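The values are calculated or read from the model by the stated rules, or taken from the named source; none is laboratory data. This is a predicted model, so every value here is computed, not measured. Counting neighbours? That spans all protein chains shown, and the Cβs are built from the backbone with ideal geometry, glycine included.
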Amino acid sequence: MADARPAEQFASLDQQRDVAHAGMWVFLASETLFFGGLLAAYTVYRIWYPEGFAAASTKTDVVLGTINTAVLLTSSALMGAGVRVAEARGSGRAVGLLLLGTALLGLAFLGVKGTEYVKDAHDHLVPGYDFEFDERLRRGAELFFLLYFIMTGIHAVHLTVGILLVGAFAVRAWRGAFADRLEPVAIAGLYWHFVDLVWVFLYPLLYLNGRAG
Amino acid sequence: MSTIAVAPGRGPDESAIRIPNYLNTGTTLRSWLLTTDHKRIALLYFASLTAFFFIGGAAAVVIRLELATPQGNLIGSDTYNRLFTMHGIVMVWFFLVPAVPNTICNFVVPLMLGAKDLAFPRINLLSWYLFMAGGLLTVASLVAGGVDTGWTFYTPLSTLFANSYVALAALGVIVVGFSSIATGLNFIVTVHKLRAPGLTWYRLPIFIWSLYATSVILVLGTPVLTIALVLLLVERILKVGIFDPALGGDPLLWQHIFWFYSHPAVYIMILPGLGVVTELVTCFSRKRLFGYKFVAWASIGIAVIGFLVWGHHMFVSGQSLFASLVFSFLSYVVAVPSAIKVFNWTATLHGGWIRFDAPMLYALGFIGLFTIGGMTGLFLAALAVDVHVTDTYFVVAHFHYIMVGGMVSAFFGALHFWWPKITGRMYPEYWARTAAALMFFGFNLTFFPQFILGYLGMPRRYHAYPPEYQVWHVLSSGGAVLLAIAYLMPLVYLTWSMFRGVRAGPNPWQATGLEWQTPSPPPKENFATTPVVVRGPYDYRDRAAHPQHG
Amino acid sequence: MSGRFRSVWLSWAALVALLAATTGLAYVPLGRAALPAALAVASVKAAVIVLVFMELARATGLTRIAAGAGLFWLCVLLGMPAIDYLNRAARPVTERTLYTSVSPPPRR
């Protein structure tokens, strides 16, 4: 793995690193639009059903949601620190530990999210399966919960990919695989931060709407 | 350097000297299916796209046969619905969108940039496998019994009522979308990062600018289609209401997010064609491009503004009038950069030393057909006129002028132009010119009557119609026969020329551009040494004015 | 090197503080200003993540184009449909009409 020659289409390792970095950013721009489709649906139906959305939003578990947000923000900080250790050619074990912490916090997030899903099901909040709500607000609320499950579900899928990626990199970093080829860590980091970024917007839209009244 | 590698041969039998090129380095099936060479992947795409083109074309043949008589006597309405849907889905996602980017561009872009390959060769191969997987899913839905919603999958028909294989086809389109995104991403990064030394942005061929604009749309538009189809599948399979008005949803939301991709997708289909025509017009009139920077930025302008006009598909759908006004205005605006291109090609032709080789015939045909298609687009962008012609054959004729008259002409022009580079052989000029002329006449005979039909009020997507429309439908069906012959001809003579064509030198057209400075067919690594660029594109003035075949 | 770590931990502290702020703000009756306030805080958080963690502040060229294009096209995707929905004369079924309707909405 400690191979210091660029792939054949590149003139230098610098160019190769640059290209990988650029590729991930273009991919993330694409991902932004992917989540953007869901946000557009949310925008439109929130315009139509402000009361239903507000009422439904208060049924989500704000405590667990807030804890989860903090967990994800912390994981991003660990990831950022891991990337910086790697960039400074620090110890591979330090990078490995930081990445392991990142992945474990990601797992914790998924655990909390799963608990929430169970609770939602128990509260009859799953559209198409078991949904009960005040009839006057039912339509907006049902659309809200549909989007809630799709948005958090797709976010969870992305996070799972991130956990597998970062977990694998943690092991490889611990074994010293990135000693002189560090860009994969930074690129995995970009993806992880993006998944965090999505959640930063999902949190107020799904958990905080309608809390004041 | 590379110019001494291949001396222009004179006959088909001069293959005694086996110069290593990308075709003869490794000939096993494995060396093709696991290749990361952009040139071989381009050929894989060529083969698959040809197959899809004829699947889609076969559906069109049955459609035109049925429409030769007013009575629906060949096939029933249900079969007819499935045929035009399959024609649309296959032609849009499995031919037009990938037509130039994944075949021609895949082949020539690294060559034009002086690069050894695309930035992500393995992702390039992956995109072909995704394309084939999506294609198989879609063909499976066809074999299973087809889809009857039209290629636009409008809700709630597609989610609640259609009892055909919507989910399978939608899944196929999702998968082929991933292939599109991978392709676009690869090109964007390649154009930014892998240009040869000295190849600055304003020294790039316009073809690269057009492809860059196309890639931007592929990367930023396709994910929205993906999520739209995911929502459609959720509603259809889990029986929940996202677009279902009975459950509080809005069917128009589908149209908004679908057309957010699908209108820009029209520009995915046409922008590479605009790039091809720029290359052909300059080369065959031996002139510099008139107004290079305008043409270059017009491509980017089309890509950006093209994302702001999708609501003109929804003028009669119940969209708010204010939104319709905004979308109508922006639809006029997007015509400006397209018009800039047409004017600049015309100005380039002016005073040029024009040669009517087959690629140039396709290019000139393109300019005429694209102009007619574009102008009728303005009729449709006008709110009041659109109400009259919505969902009539006028619309059908309009977008076929752009996509078939425009894009397919450009595809064949590009194919002929770069054929010597791809295969190392010339195509037979006489047959190629005949096919180009036949394609132009066949196309106009097929689709011009449809403008009249639409103006007279014939709605699209019906398999039977009142007898007074028959004369126009018969003309159209007759033209379709000519068009089919014109499409089959290249299949025959190009295949023949692969084995028997006159050997082409590195630069049979005496064209500028880095791709012509390496042997035909190029070696696996494209260039013996990385070229250094010292002058701008289309530097035809200082060159010998007599292009000759190698 | 320690300076670069400091930026990570400072950003983390800022993000957690912003999280507390936005959660608190949600319980303040701001009326119609609640959503803009929440989105403003989220945007600041996003800026911290993008500029510091994803190092956009140090990036050049294509990276900035990709980030800018993603943001611009997202605005188009959210904004243009909003132009339509905010100006619709008629809605198929709204909450207002539902309040007055006698029969419950159809269920499947």
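Miscellaneous remarks
- Residue within the range A:170-188 that is small (G, A, S), surrounded by fewer than 18 Cβ atoms within 10 Å (Cβ to Cβ) and under 20 Å from C:R4 (Cβ atoms) present: yes
- Per this entry, C:A26 is counted among residues that are at the interface with another protein chain (Cβ under 7 Å from one of its Cβ atoms) and over 30 Å from B:V216 (Cβ atoms).
- Extreme residue, farthest from C:A67 (Cα to Cα), among residues of the range A:2-38 that are more than 10 Å from chain B (Cβ to nearest Cβ) and not in a loop (DSSP other than H, G, I, E, B): A:L13
- Subset of the range B:256-277 [in contact (Cβ under 8 Å) with a residue 60 or more places away in the chain and either within 18 Å of B:M314 (Cβ to Cβ) or polar (S, T, N, Q) (or both)]: B:F258, B:S262, B:A265, B:V266
- Selection of the range B:158-213 for residues being out of contact with any helix residue (DSSP H, G or I) (no Cβ under 9 Å at 6 or more places or on another chain) and either closer than 27 Å to B:V281 by Cβ or in a helix (DSSP H, G or I) (or both) yields B:F161, B:G198, B:T200, B:R203.
- Total residues in the range A:152-202, condition outside any helix (DSSP H, G or I) and either free of Cβ contacts under 8 Å to residues at least 60 places away in the same chain or within 14 Å of another protein chain (Cβ to nearest Cβ) (or both): 1
- Within the range B:144-157, being assigned to a loop (DSSP other than H, G, I, E, B) and more than 17 Å from B:I242 (Cβ to Cβ) holds for B:G145, B:G146, B:V147, B:D148, B:G150, B:W151.
- Note on the range B:231-259: residues that are more than 8 Å from chain A (Cβ to nearest Cβ) and assigned to a helix (DSSP H, G or I) amount to 13.
- The residues on offer are C:L77, C:L39, and the sole one that is surrounded by fewer than 20 Cβ atoms within 10 Å (Cβ to Cβ) and of a type outside the set (V, I, T) is C:L39.
- Checked against (1) more than 20 Å from the chain's Cα centre (by Cα); (2) surrounded by 24 or more Cβ atoms within 10 Å (Cβ to Cβ); (3) within 25 Å of B:V396 (Cβ to Cβ), B:V176 meets all criteria but (1).
- Members of the range B:385-431 that are aromatic (F, W, Y) and surrounded by fewer than 21 Cβ atoms within 10 Å (Cβ to Cβ): B:F399, B:Y430, B:W431
- Condition broken by B:Y267, with the remaining ones in (1) assigned to a helix (DSSP H, G or I); (2) within 14 Å of chain A (Cβ to nearest Cβ) satisfied: (2)
- Look at the range C:46-60: where a residue is farther than 12 Å from C:W12 by Cα and at pLDDT below 90 and a partner is buried (at least 18 other Cβ atoms within 10 Å of the Cβ) and β-branched (V, I, T), sitting 6+ places away or on another chain with Cβ atoms under 7 Å, you get C:L56/C:V50; C:L56/C:T63.
- Extreme residue, nearest to A:L105 (Cα to Cα), among residues of the range A:147-159 that are of a type in the set (A, V, I, L, M) and touching a Phe, Trp or Tyr at 6+ places or on another chain (Cβ under 9 Å): A:L159
- If you go through the range B:21-76 and pick out every residue that is aromatic (F, W, Y), under 30 Å from B:V471 (Cα atoms) and not in a helix (DSSP H, G or I), you end up with 0.
- Number of positions in the range A:49-60 that are within 7 Å of another protein chain (Cβ to nearest Cβ) and buried (at least 23 other Cβ atoms within 10 Å of the Cβ): 2
- Qualifying residue in the range C:73-86 (condition: facing chain A (nearest Cβ under 9 Å) and either in a loop (DSSP other than H, G, I, E, B) or in contact (Cβ under 8 Å) with a residue 40 or more places away in the chain (or both)): no
- The set of residues from the range B:450-486 being part of a loop (DSSP other than H, G, I, E, B) and hydroxyl-bearing (S, T, Y) comprises B:Y462, B:Y465.
- Test result for B:T348, in contact with a His (Cβ under 6 Å, 6 or more places away or on another chain) and closer than 22 Å to B:I302 by Cα: no
- From the options B:F327, B:F315, B:F322, B:F284, residue that is among the aromatic types (F, W, Y), facing chain C (nearest Cβ under 10 Å) and surrounded by 19 or more Cβ atoms within 10 Å (Cβ to Cβ): B:F327
- Within the set B:L142, B:L220, B:L157, B:L194, the sole residue that is of a type in the set (A, V, I, L, M, F, W, C), closer than 26 Å to B:S317 by Cβ and at pLDDT below 95 turns out to be B:L157.
- Residues in the range B:107-125 that are within 14 Å of chain A (Cβ to nearest Cβ), in contact with a Phe, Trp or Tyr (Cβ under 9 Å, 6 or more places away or on another chain) and assigned to a helix (DSSP H, G or I) were compared, and the one that is surrounded by the most Cβ atoms within 10 Å (Cβ to Cβ) is B:V109.
- Condition met for C:L62 (of a type in the set (A, V, I, L, M), within 7 Å of chain A (Cβ to nearest Cβ) and part of a helix (DSSP H, G or I)): yes
- Taken together, A:V63, A:V44, A:V71 contain a single residue that is in contact with a helix residue (DSSP H, G or I) (Cβ under 8 Å, 6 or more places away or on another chain), among the β-branched types (V, I, T), more than 7 Å from every other protein chain (Cβ to nearest Cβ) and over 20 Å from B:L118 (Cα atoms), which is A:V71.
- Which listed residue is part of a helix (DSSP H, G or I) and either at the interface with chain A (Cβ under 9 Å from one of its Cβ atoms) or under 15 Å from the mean Cα position of the chain (by Cα) (or both), from C:L51, C:L18, C:L10: C:L18
- Of all residues making up the range B:126-165, the number that are over 20 Å from the mean Cα position of the chain (by Cα) and either of a type in the set (D, E, K, R) or under 27 Å from B:K421 (Cβ atoms) (or both): 2
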